[in-house]
Amino acid sequence: RCDEGLSHWHYVTYGLSDLYGDLDDSTDVSDGKESGYGFELTFRLARAPDELEPPSWPLNFLQNIARYVFETGNVFAVGHWMTANGPIQTGSDTLLTEMAFVLDPVLQEIEAPFGHVKFLQVVGLTAEELHETRCWNVLGALQAMQPYMPLWITNLGRSSLLSMSDVKAAIDAGAERDGSK
C-alpha cells in the first residue's frame, strides 16, 4: 500500500468556472447556479524523488480535457469516465490510458461570486481497470482501489490494481450485488 504522505505534484485548472462574471451579468447566485461549467479540474501526479520541477505534460493533458468541454459542451461530474485514446502521457509506456473523475479530496467546493464551483480530480486508470469499473460502477470500483491510490495520486509506473486480490474481490462482489450502473 502507498504511504499517505506520498510526494506529488498537484495541478489545478483555471477557466472552466466563471470567477469574474465574464460569462453572465447576473450577480444573484441565490438560485444555486454553477459558475461557468461548475467545476475546475485537478490532477495529482506522483513525484519522483529527484524531480525538482513539475512536469509540464499534465498541463497539456488537462488542457485537452478542457478543450473537449469547451468544444462539445459536455461537462464532467463525479463518477464519469473517459478514455485518453492512448497513454495519458503521450509517448510514454504507461499502462494508464483511461481516466475517472472524483471530487478532489482536499479542495472543497466553493461558492464564488458568480456561482458554485467543484474541484473534479482526474484519476489515471488502466484499460483493464476501467473495463472492470464499468461492470459495476465507477465510484464503487474506485473506492476499492483507493487504498492503493491515496489522495487519488496518479502514478504512471504502476500496474493494474486488479492484480490486488482485495481490489478484484471487492469489484466482483459489487458487480454481483448491484449489477452494472
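The table that follows gives values for the structure above.
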{"item": "Matching residues in region 108-144 - criterion: being under 24 Å from Ser7 (Cβ atoms), touching a Phe, Trp or Tyr at 6+ places or on another chain (Cβ under 9 Å) and either assigned to a helix (DSSP H, G or I) or aromatic (Phe, Trp, Tyr) (or both)", "result": "Phe119, Leu142"}
{"item": "Count - residues of region 83-97 that are in a strand (DSSP E or B) and open to solvent by 40 Å² or more (accessible area, probe 1.4 Å)", "result": "1"}
{"item": "Pair list, Cβ < 7 Å and 6+ apart or interchain, from region 1-25 residues that are open to solvent by less than 60 Å² (accessible area, probe 1.4 Å) to residues that are part of a loop (DSSP other than H, G, I, E, B) and at pLDDT below 75", "result": "Asp18/Asp24; Gly21/Thr27"}
{"item": "Candidates Arg134, Arg158, filtered to the one that is among the basic types (Lys, Arg), touching a residue at least 12 places away in the same chain (Cβ under 8 Å) and surrounded by fewer than 16 Cβ atoms within 10 Å (Cβ to Cβ)", "result": "Arg134"}
{"item": "Test result for Ser35, in contact with a Phe, Trp or Tyr (Cβ under 6 Å, 6 or more places away or on another chain) and either surrounded by 13 or more Cβ atoms within 10 Å (Cβ to Cβ) or assigned to a loop (DSSP other than H, G, I, E, B) (or both)", "result": "yes"}
{"item": "Options Phe101, Phe43; residue that is touching a Gly at 6+ places or on another chain (Cβ under 8 Å), touching a residue at least 12 places away in the same chain (Cβ under 8 Å), aromatic (Phe, Trp, Tyr) and assigned to a strand (DSSP E or B)", "result": "Phe101"}
{"item": "Output for region 54-70, where each listed residue is open to solvent by 90 Å² or more (accessible area, probe 1.4 Å) and closer than 13 Å to Tyr11 by Cβ", "result": "Leu59, Gln63"}
{"item": "Subset of region 38-73 [among the hydrophobic types (A, V, I, L, M, F, W, C) and more than 22 Å from Asn155 (Cβ to Cβ)]", "result": "Phe39, Ala66, Val69, Phe70"}
{"item": "Number of the condition not met by Pro147 [criteria: (1) part of a helix (DSSP H, G or I); (2) under 16 Å from Ser17 (Cα atoms)]", "result": "(2)"}
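The values are calculated or read from the model by the stated rules, or taken from the named source; none is laboratory data. Every value quoted in this text rests on a predicted model; they were computed, and no experiment measured them. Glycine gets a Cβ as well: all are built from the backbone with ideal geometry, and neighbour counts include every protein chain shown. These accessible areas exclude ligands, DNA and RNA; they are computed on the full protein's heavy atoms, side chains included. Shrake-Rupley method; radii C 1.70, N 1.55, O 1.52, S 1.80 Å.
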